[in-house]
Amino acid sequence: MYADHHRWLLGWLRRQANGADYAADLAQETFVRILCQPEHCCAAMREPRAYLATVAQRLLINYAERQSLERAYLEVLVQLPPCQAPSPEERLLILESLHEIDRMLDGLPPKTREAFLLSQLEGLGYSDIGQRLGVTVRTVKRYMAAAFMQCLMAAA
């Protein structure tokens, strides 16, 4: 499967990512994800390129979300006075923690994930989150409960 479709997938990812250098990494990660799933027999796939594109698209979205999260964190760091700025080691630990949280929340719907991040990273209250997302406070509470449950399940 790799030999038959790697070149195609790499080209597809480069087009999707506007020629970005990380397309090769995403192509590799796509094959790793597929090959590590025993329930999907690669030889029996009727439409391997469609399946590859679906998995790769999800990885591309995850990558973009992680980059956005990292940029937001770095923007906050720039605003801190030098005496409060974390050391490079602390920055790395914080970024790794943010990426771990992002992986934990990966399975959540976008609005649920966004509500959680608005609460945890921006310190917004539920009513403010509801206004920002255009939902009721009750819905925000459901989003938060789902996000916390996902975190608990990932930590177990």
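A few remarks follow.
- In this structure Leu35 has an accessible area near 110 Å², from a 1.4 Å probe over the protein heavy atoms.
- Tyr51 contributes about 60 Å² of solvent-accessible surface, heavy atoms of the protein only, 1.4 Å probe.
- Here the dipole of the chain is about 640 debye; that uses its Cα centre as origin and unit charges on the Cβ of Lys and Arg (positive) and Asp and Glu (negative).
- If the segment from Arg7 to Leu35 were pulled out straight at 0.36 nm per residue, it would be longer than the present Cα-Cα gap by 8.4 nm.
- Prolate/oblate/rounded call for the stretch 37-156, Cα gyration tensor, a/c under 1.5 rounded: oblate
- In the full protein context, the stretch 101-156 carries 61 Å² of accessible surface per residue, based on a 1.4 Å probe and ignoring ligands, DNA and RNA.
- When nucleic acids and ligands are ignored and a 1.4 Å probe is applied, Ile61 ends up with an accessible area of around 80 Å².
- Length released on extending from Arg15 to Ala145, taking residue separation times 0.36 nm less the Cα-Cα span: 43.0 nm
- Listed values for the stretch 127-135 are Karplus-derived 3J(HN,Hα) couplings in whole Hz (6.51 cos²θ - 1.76 cosθ + 1.60, θ = phi - 60°), namely 5, 5, 5, x, 5, 5, 8, x, 10, and x replaces Gly and Pro.
- Per residue accessible area in Å² of the stretch 40-100, where ligands, DNA and RNA are left out and the probe is 1.4 Å: 69
- 0 to 90° range, to nearest 10: angle between helix 137-155 axis and the chain longest Cα axis: 60
- Net charge dipole size for the stretch 82-138 [Lys, Arg +1 and Asp, Glu -1 on Cβ; Debye, nearest 20]: 340
- Using R0 = 22 Å, the C-beta based FRET efficiency linking Val76 and Asp128 works out to 0.80.
- Rounded percent of accessible protein surface that carbon and sulfur make up, the stretch 1-103, 1.4 Å probe: 54
- Of the residues Cys36, Cys83, ranked by 1.4 Å probe accessible area with the largest first, the sequence reads Cys83, Cys36.
- The modelled label-to-label distance between Val135 and Glu90, using points 7 Å beyond Cα along the C-beta direction, is 3.4 nm.
- Exposure ranking of Asp102, Asp128, Asp21, Asp4 by accessible area [1.4 Å probe, largest first]: Asp21, Asp4, Asp128, Asp102
- The stretch 1-17 and the stretch 60-133 have Cα centres spaced 30 Å apart.
The values are calculated or read from the model by the stated rules, or taken from the named source; none is laboratory data. Please read all numbers here as calculations on a predicted model, not as lab measurements. Neighbour counts are summed over all protein chains in view; Cβ atoms, including those assigned to glycine, are modelled from backbone coordinates with ideal geometry. Side chains are part of the model used for accessible areas, which takes the heavy atoms of the whole protein and leaves out ligands, DNA and RNA. Shrake-Rupley method; radii C 1.70, N 1.55, O 1.52, S 1.80 Å.
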